[in-house]
Amino acid sequence: MIGEKIVSFETINSTNRFLMENHTNYPDGTVVVALKQTSGYGRNKRIWYSPKGGLWFSVLFKPRKQIEPSFYTRLFSVSVVRTLEKFKIHVNIKWPNDIYLYGRKLAGVLSEGIFEGKKPVAIVVGVGINVNNDIPEELKTQAISLKEIMNKEFSLMKLLEMILKNARILLRKYTKKKEALTRIWKRYLIQKEGDILHLREGGQEKLGRIVKITSDYLLIEIDGEIKKIYSIFPH
Ligand code: BTN
């Protein structure tokens, strides 16, 4: 069960890295949480700034069946959105895994897997939320924290418990109905099918129309051609 075992650190390099390296020693559902990460990372190995005050945790899954890591990304993205709704904070998801508030990034979810052939042996889902931490000056136009908008500090452990509880509920409900979870996740997305996006292609800015949104890529019509894209600018 998610959160049956919780391992806490004051400082760690990265909770994702810890579980990726030590998954054989821990059971399914183990949560690793740290007050501070020294080498937190996000999608495409971008640095994830993780000082004291934020909520930084990862969850280990050992699925018995073939299941895509992106299912867990959606699960935790929706869980975070629903948890924040309890505080009347209404956030959106910027495709595929960023939680946005007032046009700035509040949180991110990163799933990674270890596979034997096509079968996942371990999936690690990392969640990072700017909660009580100050956002450095150079990131202030791009990132936001809960403290900044609510003018108060949050209990990190309470928030963690709520997110894990919502994740357990969603997992029970949607493991056998994955498309239903995808539909919910799509409702929270900022991007909708049919929207026009500004894109960079070969150093040029172009306009593209979203033809289809999937969890792994977007199908975009650019200059009359349909292309798959895996990330959108700005990040
Ligand atoms: C992203 O937006 O690209 C995803 C960011 C995920 C950050 C979290 S913080 C806890 C866990 N440990 C990491 O090193 N990364 C994830």
Original post:
Can you find even one residue in region 165-181 that is closer than 26 Å to residue 45 by Cβ and in the same structural domain as residue 31 (by TED's automatic domain parsing)?
Top reply: yes
Original post:
Is there a residue being in contact with a Phe, Trp or Tyr (Cβ under 9 Å, 6 or more places away or on another chain) and of a type in the set (D, E, K, R) anywhere in region 214-223?
Top reply: yes
Original post:
Before we move on, is residue 213 more than 24 Å from residue 75 (Cα to Cα), within 23 Å of the chain's Cα centre (by Cα), outside the structural domain of residue 60 (by TED's automatic domain parsing) and modelled with pLDDT of 90 or more?
Top reply: no
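Which count do you get for residues in region 52-66 that are within 12 Å of residue 28 (Cβ to Cβ) and more than 13 Å from the ligand (Cβ to nearest atom)?
Going through region 52-66, the residues within 12 Å of residue 28 (Cβ to Cβ) turn out to be 59-64.
Cutting the leftovers down to more than 13 Å from the ligand (Cβ to nearest atom) gives us 61-64.
Adding up the residues that qualify gives 4.
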**OP:** Collect the residues in region 42-51 that are more than 8 Å from the ligand (Cβ to nearest atom) and either in a strand (DSSP E or B) or within 13 Å of residue 111 (Cα to Cα) (or both), keeping them in residue-number order.
**Re:** 45, 47
**OP:** Determine the pairs where a residue that is on the phi > 0 side of the Ramachandran plot and in a helix (DSSP H, G or I), located within region 19-41, has a partner that is surrounded by 13 or more Cβ atoms within 10 Å (Cβ to Cβ) and among the polar types (S, T, N, Q) with Cβ atoms under 8 Å apart, the partner being 6 or more residues away or on another chain.
**Re:** none
Original post:
In region 96-122, what residues are of a type in the set (A, V, I, L, M, F, W, C) and within 12 Å of the ligand (Cβ to nearest atom)?
Top reply: 99, 106, 107, 109, 110
**OP:** Would you be able to say whether some residue in region 11-26 is within 16 Å of residue 121 (Cβ to Cβ), of a type in the set (A, V, I, L, M) and at pLDDT 95 or above?
**Re:** yes
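So that you can scan it fast, the table gives a plain yes or no per residue for (1) surrounded by 18 or more Cβ atoms within 10 Å (Cβ to Cβ); (2) hydrophobic (A, V, I, L, M, F, W, C); (3) farther than 24 Å from residue 96 by Cβ; (4) not assigned by TED's automatic domain parsing to the domain that holds residue 140:
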{"site": "30", "(1), (2), (3), (4)": "yes, no, yes, no"}
{"site": "56", "(1), (2), (3), (4)": "yes, yes, no, no"}
{"site": "61", "(1), (2), (3), (4)": "yes, yes, no, no"}
{"site": "64", "(1), (2), (3), (4)": "no, no, yes, no"}
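The values are calculated or read from the model by the stated rules, or taken from the named source; none is laboratory data. Worth saying up front: this structure is predicted, and the values here are computed from it rather than measured. Ideal geometry is used to build each Cβ from the backbone, glycine not excepted, and the neighbour counts take in all protein chains shown.
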